[in-house]
Structure formats: structure tokens, C-alpha cells
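Before any comments, here is the structure.
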Amino acid sequence: MRQPDLPSAYHLVSLETVDSTNAEARRLAALGEDKAPDGTLIWAKEQTDGRGRRGRKWSSPPGNLYCSLVLRPDVAVAKAAEFGFIAALAVFDVLGTLGEPGHKVQCKWPNDVLLNDKKVAGILLETETDADGHADWVILGLGLNVGIFPGDTDFPATSLRAEGVGATEVDCLDSFCRHFLKWTSAWLEEGFAPIRKNWLWRCIGQGEEIEVRLDKETLTGVFTDLDEDGALLLKTEDGERRITAGDVFFASTD
Ligand code: BTN
């Protein structure tokens, strides 16, 4: 496998195997900015304890892309969620760059990316906050199914290979890093507004009835909008609900 060719903003830590690149990124970030400056990128060929959102496992055999970025933005922790949308836009562009004409690529709230209606990538954000509610660091983990996908997921999954895309993990890593820098620049210059607008252009389900599974309840309603903080706005029979964490399903994917 060739070596990644990354912009100088990234500091690559390349591992054969690790429990979780997010866990490793957290360990490094906790050692301080000298050891893990902004842009530190942990990349592993496999994970033995890959983590997904909402306490789930992320199946991580060799053959897919597993990486986590240490970010040290000067923002309140509430803004950290915006990185998930930045990353989803970057993955969308990876698929646009490396994928095939005619493929359908969509962003799915909160931070998934679908290829031909099936989940191909997931993003896991973890933050450490100081006493003032400032984000000490943000860990952005990306799992992209390049060669393999799990068969036992609530939402259907796929991989690039299954959809006929021949790109490698390294091709995807290089492309993601470039597109992530580009979208981060837009965010630094103009804030969340262009990210939100571009994400909405590329998302699945806006204006449609969806089901949102929360920890203790399941809601049905129309996905009307994304608010300025990235929360999903759902118009239900009982009024509008603002949702910050949950899993979205569509009529055809139940
Ligand atoms: C999701 O549930 O959709 C998010 C999945 C995130 C998986 C990635 S793989 C690299 C990084 N390390 C982890 O343990 N999880 C994230």
C-alpha cells in the first residue's frame, strides 16, 4: 500500500492496529498540544474496539479507512458539533472525486454519508471541555467502508467496492484530508452558515416524514430544517422538536 500524501497541516500517526483511533487520539490529546497539535491524524489499518455513535461498536477489520483527527479549535464546546457536518461534506466530496458517475451520494443527519441509499461512512465526535465550556480539543473519527461492510446494521450499509468503486483506503484518506481542509477554511472565514447550507443541499429526507429513534422514545414527523447549531428540527403532531442526538430512518429503510 502506498504512503499517504497529506497537506502539511496534518501530522500523521500511522498504526497497523489499535483499539480505537478515537481512543488513541484522546490519549495523545490529553498529553498536551506539544504531543498532539491541531491536525494530528491517527490512522490505523484495523481497530480491535472500534466505536460508533451512541455507544455502538464499529466493526473494523482490515480493508476500510479508520482515522481520527485531533482538532484544537478556539471555540465553545457547543460549536464542536459543526465539525461533524464539515467532515460529512468532505466525505461527500471524496465520493464525488473517487466515485463513479451516476452514483447517488447523500448526507444523512447527523453525520452519516450514504452511497446509493446505504451507509458508507460514519463520523464520531468526542470533545473535552474546560471549566468555561471551551473545547480543549475535539476528536473527529471517520470510518469509511472501502472494501468491506457489516451485514447486521439497523440501517443498510455498503462499501465503495460493493458499489464498484476501486479506490483504496489511502486514496480516500488523501482525498478526505484535502476536502476537510477546504471546508474548514470556509467555516473559518464564514462560520457555520455555508456548511449548513451546503449540507442541506446534499442531505436526504428534508421535507419528508422520517422516524427518529432517541434513547427512550421514537418520534415521527417531518424533517423541516437544520438549525444554526446543527440540530434537526422535526415537526410532529405535538409541535416542533429540536433533536441533537438520534438515529434517522426513512419509510423505505425500516
Ligand atoms: C457512527 O456510528 O456512524 C460513527 C462511526 C465512527 C467510526 C470511526 S472509525 C475511526 C474512529 N475510531 C473509532 O473508534 N470510531 C471512529
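Here, each number is a calculation from the coordinates, and none is a lab measurement. What you see is a predicted model, and the numbers here were worked out from it, not measured in a lab. Neighbour counts run over all protein chains shown; Cβ positions are idealised from the backbone, glycine included.
Ordered by the count of other Cβ atoms within 10 Å of each Cβ, fewest first, Arg2, Arg72 give Arg2, Arg72.
Could you list Trp201, Trp109 so that the one with the fewest beta carbons within 10 Å of its beta carbon is first and the one with the most is last?
Ranking Trp201, Trp109 by Cβ neighbours within 10 Å, fewest first, gives Trp201, Trp109.
Relative contact order of the chain: 17 percent, from C-alpha pairs under 8 Å at least 6 residues apart in sequence.
Please state, rounded to one decimal and in Å, the Kirkwood hydrodynamic radius that the range 1-149 gives when every pair of distinct Cα atoms enters the mean of 1/r.
Evaluated on the range 1-149, it is 15.8 Å.
Please compute the net charge surrounding Thr158, taking Lys and Arg as +1 and Asp and Glu as -1 over other residues with Cβ under 15 Å from its Cβ.
Here the count lands on -1.
Counting only Cα atoms, the size of the range 55-135 along its three principal axes is 48, 25, 18 Å, in decreasing order.
Which ³J(HN,Hα) values in Hz, rounded to whole numbers, follow from the phi angles of the range 79-90 under the Karplus curve 6.51 cos²θ - 1.76 cosθ + 1.60, where θ = phi - 60° and Gly and Pro get x? So the J values, rounded to whole Hz, are 7, 4, 4, 5, 5, x, 6, 4, 5, 5, 5, 5. Taking the fewest neighbouring Cβ atoms within 10 Å as the starting point, the ordered list for Glu237, Glu33, Glu169 is Glu237, Glu33, Glu169.
With kT/(6 pi eta Rh) evaluated at 37 °C and eta = 0.692 mPa s, and Rh the Kirkwood radius from Cα pairs, the range 126-195 diffuses with a coefficient of 218 µm²/s according to Stokes-Einstein.
So for the range 1-51, what percent of the C-alpha to C-alpha distances run longer than 15 Å? Roughly 46 percent, once rounded to a whole number.
In units of the compact-protein estimate 2.2 N^0.38 Å, the chain shows a Cα radius of gyration of 0.96.
Over all other residues within a Cβ to Cβ distance under 13 Å of Thr17, the charged ones net out to -4, with Lys and Arg as +1 and Asp and Glu as -1. Qualifying trypsin sites (Lys or Arg not before Pro) in the range 66-150, where qualification requires a DSSP coil assignment and no more than 14 other C-beta atoms within 10 Å, comprise Lys104.
Cα convex hull of the range 122-249: how many Å³ per residue?
160 Å³
Distances between placed amide hydrogens fall under 5 Å for His11 paired with Thr40, Leu41, all partners being 5 or more residues away or on another chain.
Its Kirkwood hydrodynamic radius, worked out from the mean inverse distance over all distinct Cα pairs, puts the range 96-142 at 12.8 Å. Taking each DSSP H run with n ≥ 4 as -39500 (n - 2.57) and averaging over every residue of the chain yields -7500 deg cm²/dmol at 222 nm.
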